């Protein structure tokens with residue numbers, strides 16, 4: 001087995017959850033809650049797992065192959081708010097700056113892409129960490145190979161922990177959700193069957209196909225519920241099952257995390273006033289080319305004397321004057337700039353005046 005682990009994150013789910021959980025904005029009113037929540041979760045993932053291979057998957061639109069099967073699928077969800085729309089491109093830009101792959105495919109959901117990458121990695125002997133809060137992703141859990149991490153509950157589900165909580169194997173979650181339905185995605189399920197009842201049925205008969213083959217073993221009331229909801233139960237199973245997108249091929253080695261572009265990450269966080277992230281980022285280097293000339297020529301000196309203010313800095317016995325008109329810094333001995341420094345009509349702009357005037361070497365004689 002190769003010593004490789006792939007981390008696959010449901011970007012759409014994370015951005016939506018962050019947006020509705022955090023009502024944040026800049027001082028100018030630009031919304032930032034989705035970006036902040038996404039960055040915060042990504043930071044925790046990087047600190048905890050230090051992923052070498054990572055893919056973040058997104059939905060493209062609400063029109064998917066599941067709508068073709070069931071037009072009411074996710075229909076209860078409101079249209080994406082404009083205040084969320086403007087944040088998604090920023091999130092994707094930050095993903096790129098962090099050197100992480102961002103992927104999507106028209107007509108398919110992030111879940112389907114996660115299924116593709118999980119299956120490919122599993123077949124190659126990689127381990128897979130799926131990062132999402134969606135229950136339907138539990139169907140991909142494989143013993144010692146694939147687990148699901150819920151970043152909002154900080155809970156990791158592997159084969160053992162899943163069985164301990166649900167009482168059946170992870171691959172049966174599809175049948176379980178076919179009975180309970182899922183209000184989040186508007187998956188109908190069977191009206192009249194709750195979590196407890198569905199769990200008992202799955203433990204006893206394994207699959208919904210097994211349930212329909214054993215109707216004579218059910219109580220008359222349960223039998224009626226199952227029979228009356230047959231169409232919705234099988235439809236729900238089709239909606240919950242994951243599908244590999246056609247004509248979607250990706251080399252797993254291309255998912256290796258590249259060196260982050262911290263300079264651009266810093267700029268984005270600075271623009272969005274995300275101060276809590278700035279302190280953890282390396283400050284961008286300033287590549288400024290400065291033209292320095294030594295000595296103050298008569299013409300330059302006269303020019304500085306005619307200004308209402310001058311910008312200068314003192315280091316040792318030297319003074320450096322900046323002329324913004326030609327972008328040049330003039331270096332001279334302080335005594336050579338005596339008239340400029342002593343002229344009370346010229347405003348002086350500098351750094352650390354207290355230190356300058358407290359230093360006896362700064363006196364102009």
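Here the residues 227, 285, ranked from fewest to most Cβ neighbours within 10 Å of their Cβ, fall in the order 285, 227.
Name the residue, out of 213, 279, 314, whose mean-square fluctuation peaks in a Gaussian network model built on the chain with Cα pairs under 10 Å. Of the options given, 314 has the highest mean-square fluctuation.
Highest mobility in the GNM of the chain, judged by mean-square fluctuation with C-alpha springs under 10 Å and restricted to 274, 341, 201, is found for 341.
Let me know the shape class of the range 101-186, please: from the alpha-carbon gyration tensor, a ≥ b ≥ c as square roots of the eigenvalues, rounded when a/c is under 1.5, otherwise prolate if a/b is greater than b/c, or oblate. Oblate, because a/c is 1.5 or more while a/b does not exceed b/c.
When you count the other C-beta atoms within 10 angstrom of each residue and take the mean per peptide, 160-170, 114-124 line up highest first as 114-124, 160-170. Across the range 5-278, C-alpha contacts under 8 Å between residues 6 or more apart give a mean separation that, scaled by the residue count, equals a relative contact order of 22 percent.
Where [x] 31, 62, 7, 0; [y] 23, 38, 19, 14, 6, 0; [z] 31, 56, 11, 2, 0 are the candidate values, the label of the one calculated here for P(r) over Cα pairs in 20 Å bins from 0, in percent is [y]. Across 221, 195, 155, mean-square fluctuation computed from a Gaussian network of the chain (C-alpha pairs under 10 Å connected) peaks at 221. Taking every DSSP beta bridge that has both ends in the chain, the antiparallel portion is near 45%. Secondary structure note: in the range 93-205, about 55% of the DSSP beta bridges are antiparallel. Taking Cα atoms only, the orientation of helix 230-240 departs from the longest principal axis of the chain by about 30 degrees. How many nm separate the modelled label positions at residue 342 and residue 160, each set 7 Å beyond the Cα in the direction of the Cβ? Using points 7 Å along Cα→Cβ, the separation is 8.5 nm. Relative to the dominant Cα principal axis of the chain, helix 11-21 is inclined by about 80°. Helical content of the chain, expressed as a calculated mean residue ellipticity at 222 nm, amounts to -11000 deg cm²/dmol (DSSP H runs of 4 or more residues, -39,500 (n - 2.57) each, divided by residue number, nearest 500). Ordering of 251-261, 141-151, 24-34, 103-113 by packing is 103-113, 141-151, 24-34, 251-261, highest average first (other Cβ atoms within 10 Å, averaged per residue). Against the chain, whose longest principal axis comes from its Cα atoms, helix 88-97 is set at around 70 degrees.
None of the figures in this text is laboratory data; all of them are computed from the coordinates on show. What you see is a predicted model; the values in this text were computed from it and never measured. A quick note on method: Cβ atoms are made from the backbone with ideal geometry, for glycine too, and the neighbour counts reach across all protein chains shown.
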